[in-house]
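Asker: I have a structure I would like to understand better, so I am pasting it below and will then ask my questions one at a time.
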Amino acid sequence: MTTGAPTPTYPVRPRRSRLRTFLPLGIAAWLVLEIWLLTVVADATSGLVVFLLLLAGLVLGSVVVKRAGRRAFQALNEALQRGGTPESGGGNGLMMLGGLLIMLPGLVSDALGLVLLIPPVQKALSRYAERTVDRKLRAATPGSFGDAFQQARIHRPDGKIVPGEVVRDEPGDEPQGPVPPLTR
């Protein structure tokens, strides 16, 4: 029996991104590789050597993270004293990521962390990340989160970017009543 009512159409589920599909598999493979390498090193030397390697990685990583954090704080303090904002991170973020990778137990993560401590690698990765973010922001469709971020930036003539919102009051506009106080 037909009632003449259209059959309901259910919204099509968005397709899963490749990152969401393969990230868990990649993490699992990385963990298996780390454990396998640690057992190979333990078989070749001893468990004490593996323990000392892991302990040295923890200590070195914490020193690197502390140093990068101190450098970032000093750069921020100097910029605030000049009356501006820091121009770039100076590789502090990548240095912190390298320190965190060194702190993780495993030889592959230690190697990746040490590679991130090399200044030319930091510069190349930061340029790549900056270009990628700029490209994504320029390609943002109207109404998306990236578009909102792009609209919230105000470019000053001296090249600085000031976050804010523009509110225009027309000359004929009069307040309609008391303005409620701003609340959080």
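The values are calculated or read from the model by the stated rules, or taken from the named source; none is laboratory data. The structure presented is a predicted model; accordingly, all values stated were derived computationally and were not measured. Note that each Cβ is placed from the backbone with ideal geometry, even for glycine, and that neighbours are counted across all protein chains shown.
Asker: Which condition number does E34 fail, the rest of (1) in contact with a Gly (Cβ under 6 Å, 6 or more places away or on another chain); (2) modelled with pLDDT under 90; (3) not hydroxyl-bearing (S, T, Y) being met?
Answerer: For E34, the exception is condition (2).
Asker: Hey, any hits in segment 132-146 for a residue that's surrounded by fewer than 13 Cβ atoms within 10 Å (Cβ to Cβ), at pLDDT 85 or above and not β-branched (V, I, T)?
Answerer: No, every residue in segment 132-146 fails to be surrounded by fewer than 13 Cβ atoms within 10 Å (Cβ to Cβ), at pLDDT 85 or above and not β-branched (V, I, T).
Asker: If only one of S88, S62 is modelled with pLDDT of 90 or more, surrounded by fewer than 17 Cβ atoms within 10 Å (Cβ to Cβ) and polar (S, T, N, Q), which one is it?
Answerer: Exactly one of S88, S62 is modelled with pLDDT of 90 or more, surrounded by fewer than 17 Cβ atoms within 10 Å (Cβ to Cβ) and polar (S, T, N, Q), namely S62.
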